[in-house]
Every structure is written in structure tokens, then in C-alpha cells.
Amino acid sequence: EIDPQYRIALELRGLIYIASGKEQQGIETLEKFRGMIGKEGKGVTLLGYAYAINGRREDAIACLKELEIRQHNHPKELLTMDFFIIYTGLKDYDRAFYYLEESIKKRLGGIIFLRFSPLLNEIKKDPRYNELMKIAGLPIP
């Protein structure tokens, strides 16, 4: 059992639930994680994704709005990967690819983990994904 106050472990548990098809358990875990953080716009990325793939579009959009407010209030924070993940869950691939391209332009470190994420299996089928991986200099699956 994990320490219930260890936030990163809770977030990873939520991710594992989602990746293994246990979306409802993932949502419950990520909502708990989000509550532990208690700051607007933080802890919403995976939760927004989970809401989106579970048909809770309005909740996912609310997570996007929180990210937008956070970006506005903290313009130096780089949140393009966060937007990419939620838009991917919403299957809004045009916006998702816009934010992925921005992440690559900004050379964000998180892009190196894309090829390993099971959350992105659907978007990886889009030819734009491989094009952007070439631009980023990353191996194409």
C-alpha cells in the first residue's frame, strides 16, 4: 500500500488505472490527487484526460479552462504538453497536434516519454504524429 500523502504515487496509480482500462478507478484516484494539491490548474492534466475518454467532456473542458487560467496567471510556466494530453483525450487532434508542435518547438523534456505512453495509442495512428517525431529527432514507432 502506498502512503496516502505521497502525491506522485497517487497520480501514477491513477495513470495505471487509466492505462489498464479502469477509467472510473483512475478518475476517483486522480480526483483525490487533485484535491490534495488544492491549487487551481494543478493536478488537472491526467484528470482532464480521464474525464475526456470516459465521456465527461464538460469536466474535461473545465480542466482545460483551469489550465488556461493557470497559463494566464503564470505565463512562464510551459503547459503545452498538458493541453496536448487533454485535447488528445477529447480526440480534438487538430488542437492536440498544435500543442504537441509547440512543445517540440519549446524543446520540452516531456516529449521523450511520448513513445512509451499507452494513453497516446490512438493519436499515434495519425500521420502527423510521425512527422512531428521526425522534427523532434525522436524514433518513430
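Brief remarks on what is shown
- Pick from segment 45-102, criterion aromatic (F, W, Y) and without any contact (Cβ under 8 Å) to a residue 24 or more places away in the chain, ranking: most open to solvent (accessible area, probe 1.4 Å): Y98
- Which numbered condition G55 fails, given (1) assigned to a loop (DSSP other than H, G, I, E, B); (2) within 30 Å of K105 (Cβ to Cβ); (3) at pLDDT 95 or above: (2)
- Given (1) open to solvent by 20 Å² or more (accessible area, probe 1.4 Å); (2) within 18 Å of I61 (Cβ to Cβ); (3) aromatic (F, W, Y), index of the condition F113 fails: (2)
- Residue that is modelled with the lowest pLDDT, among those in segment 24-38 that are under 25 Å from H74 (Cβ atoms) and loosely packed, with under 13 Cβ neighbours inside 10 Å: G38
- The lone exception for D82 - which of (1) over 18 Å from E40 (Cα atoms); (2) touching a Leu at 6+ places or on another chain (Cβ under 8 Å) it fails: (1)
- Yes/no for K124 being modelled with pLDDT of 90 or more and open to solvent by less than 40 Å² (accessible area, probe 1.4 Å): yes
- Which listed residue, of L108, L78, is in contact with a Lys or Arg (Cβ under 7 Å, 6 or more places away or on another chain) and either more than 23 Å from R57 (Cβ to Cβ) or hydroxyl-bearing (S, T, Y) (or both): L78
- Checking G41, G21 one by one, the residue that is open to solvent by less than 50 Å² (accessible area, probe 1.4 Å), under 15 Å from L119 (Cβ atoms) and not in a helix (DSSP H, G or I) is G21 and no other.
The values are calculated or read from the model by the stated rules, or taken from the named source; none is laboratory data. Quick caveat, the model's predicted, so the values are computed rather than measured. We place every Cβ from the backbone using ideal geometry, glycine too, and count neighbours over all the protein chains shown. For the accessible areas, the whole protein counts, side chains as well, though only heavy atoms, and no ligand, DNA or RNA atoms are used. Shrake-Rupley method; radii C 1.70, N 1.55, O 1.52, S 1.80 Å.
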